[in-house]
Amino acid sequence: MFPAAFLLALLALSITGSPVEVRNSFITLPMTRRLKFFNGTVDLLQHDEARVAAFRDSTDGQRVDVPVVSDKYGYTVAVGIGEPPTTYYLIVDSGSANTWVGAGIMYVPTDTSVNTEEPVRKRYTSGSFSGMLWRDTVTLGDELTITKMYIGVASTSQGIANDGILGIGPAELTRGSLQKLPKDTIPTITDYLYGRDLIRLHIVSISFQPATLGTDDGVLTFGGTDPTMYIGNIEYTPITTTTRSSSYWGIDQMITYGTTEILRSTAGIVDCGTTLLYIATDAYERYQGATGADVSQVNGLLQITPTQYSALNNLNFHIGGKIYSLIPDAQIWPRSLNNKIRGADGDIYLVVVDIGTPTGRGYDFLNGYVFLQRFYTVLDSGRARIGFAETLFTDATTNY
C-alpha cells in the first residue's frame with residue numbers, strides 16, 4: 001500500500017511526465033448518444049430533475065458531483081485503458097471530474113496497471129461507485145496515449161448504465177473522493193493532456209447536432225477548437241463568481257423573450273449532461289405567459305398549438321455582451337421524437353422547464369443540451385472562462 005504522504009506526492013507529480021507524443025493542436029473524439037428506453041420512452045424530466053436538484057441543493061463550500069444521466073440517457077466516448085487497451089464506453093460529464101471504469105465492462109489489468117490501494121468513492125444523485133485508485137495507460141482515439149494516469153476502478157457501482165464516467169468538470173469536483181486524502185484533488189484527463197504537453201491549450205470543446213433521428217452524435221475536442229465546427233468568432237465570458245454556480249461551469253446571463261426581459265442578469269450553469277433548458281420559477285412563469293403554453297398532463301412539458309408556434313419569438317441569451325438566440329424551432333422538442341416522451345404525433349412541446357426556485361438563489365438557470373446543440377461550446381480551464389460560437393445548426397429548422 002502506498003503511504004498517504006507518498007501518494008500525495010505522486011498526485012502532485014502525476015500530471016507531468018514523459019509524454020508519448022509532442023504537443024498537438026487538438027485531439028478530436030466522436031461522441032455517441034445512447035438512449036435506454038423504459039417501455040419505449042425516455043423519462044427526460046425525471047432524469048433532468050435529479051441533476052437539477054443536485055446542482056440546486058449544493059451548499060456554500062460544498063460541491064456535489066452530478067453525473068450525466070445515470071441510467072437512461074447520455075453521450076459516451078470510447079476510451080482505451082491498459083496495454084493492450086480494453087475499450088470502455090464512458091459517459092461524458094461536465095458536472096463531475098473523476099474518470100473511472102468498471103460499472104459495465106469489468107476493468108482488465110495489464111502490465112501497465114498499478115493498484116495504489118488508495119480507496120476512492122463517489123456518490124452521485126442517482127448512483128455511486130467505490131473501489132480503488134489505479135495508475136494506467138489511457139488511450140484516446142487511434143494514437144494518443146497518456147501513461148500513468150490515475151483512474152478510479154469500481155469494485156461496486158450503482159445507477160450507472162455504461163462502463164463509467166469521463167469527468168470534464170473542474171478538478172475541484174474530485175475533492176473528497178480519496179478516502180484517506182479527502183482534502184486533495186485528482187487531476188482530470190484535461191489536466192493530464194495539458195500537463196504532459198500533449199495538447200496546446202488547457203480546454204475542452206463540445207460540438208453537438210440537433211437531436212433529430214440519425215443526427216444526434218457529437219464531437220469532443222481536447223486542447224483547442226475545431227474551426228470546421230463553428231462559424232465566425234468564439235466569444236468568451238468568465239466563470240461566474242456567484243456561489244453554487246461558480247463550483248461548476250457557471251456563467252452570468254440575462255434572458256429575453258423577443259424584446260421582453262424574463263430573467264434578469266444572474267448566475268447559472270452550462271451542462272452537457274442535462275437535456276432541457278431550466279430557468280428560475282418567475283422567469284418560467286413569464287415565458288409560459290408570453291407563449292400562451294399549457295402544461296401537458298402527459299409529460300409535464302409546456303405544450304403549444306400550431307398557431308402559438310407560428311407566433312413564437314426568439315429566446316435570447318445575453319452572455320458577456322453577445323446575444324445567442326434560440327429560434328422558435330430550437331425552443332421545441334423534435335416532433336419526430338414525440339413518441340419517446342409519451343407525446344402524440346403532431347403535438348408541440350417546449351423545452352423550457354421550471355428549475356423550481358425563484359431568481360436570486362445563485363443557480364437560476366441551466367443551459368442544457370437543447371442550448372448546446374445550437375452553439376459550439378468551449379470549456380477553458382486555463383483561463384477560467386467559457387466560450388460560445390454559432391454553428392451551421394444555430395438557425396436550423398429540424399424540430400418542427
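The values are calculated or read from the model by the stated rules, or taken from the named source; none is laboratory data. All of these numbers come straight from a predicted model, not from anything done at the bench. Note that each Cβ is placed from the backbone with ideal geometry, even for glycine, and that neighbours are counted across all protein chains shown. The protein model used for the area step is the full one, side chains on, heavy atoms only, and it has no ligands, DNA or RNA in it. Shrake-Rupley method; radii C 1.70, N 1.55, O 1.52, S 1.80 Å.
Dipole magnitude for region 77-226: computed about the Cα centre from +1 point charges on Lys and Arg Cβ and -1 point charges on Asp and Glu Cβ, it is near 620 debye. Rounded to the nearest percent, how much of the accessible area of region 343-394 (1.4 Å probe, protein heavy atoms only) is carbon and sulfur? It is 45 percent, rounded to a whole number. Taking all protein chains together and a 1.4 Å probe, the residues SER94, SER310 rank SER310, SER94 from largest to smallest accessible area. For region 75-178, GluC sites (Glu not before Pro) meeting the loop criterion (DSSP other than H, G, I, E, B) and having at most 13 other Cβ atoms within 10 Å: GLU143.
Roughly to the nearest percent, how much of the accessible area of region 108-208 is carbon and sulfur, given a 1.4 Å probe?
46 percent
Backbone amide hydrogens, once placed in the peptide plane, bring ASP184 within less than 5 Å of GLY176, excluding anything fewer than 5 places away on its chain.
If you find the alpha carbon centre of region 271-343 and of region 181-213, how far apart are they in angstrom? A separation of 30 Å, based on Cα centres.
What trypsin sites (Lys or Arg not before Pro) in region 72-152 are in a loop by DSSP, with at most 13 other Cβ atoms within 10 Å of the Cβ? Don't skip to the answer; put the middle values down first.
Working: sites: LYS72, ARG121, LYS122, ARG123, ARG135, LYS148; in loops: LYS72.
Hits after loop and neighbour filter: nothing returned.
Centre-to-centre, using Cα atoms only, region 153-172 and region 367-400 are separated by 24 Å.
Using unit Cβ charges (K, R positive; D, E negative) and no other charged atoms, how large, in debye to the nearest 20, is the dipole of region 120-200 about its Cα centre?
Details: 10 positive and 8 negative charges, 91 e Å.
Using Cβ point charges on Lys, Arg, Asp and Glu, region 120-200 gives about 440 debye.
With a simple spin-label model that places each label point 7 Å from the Cα along the Cα-to-Cβ direction, the separation between ASN313 and THR281 comes to 2.5 nm.
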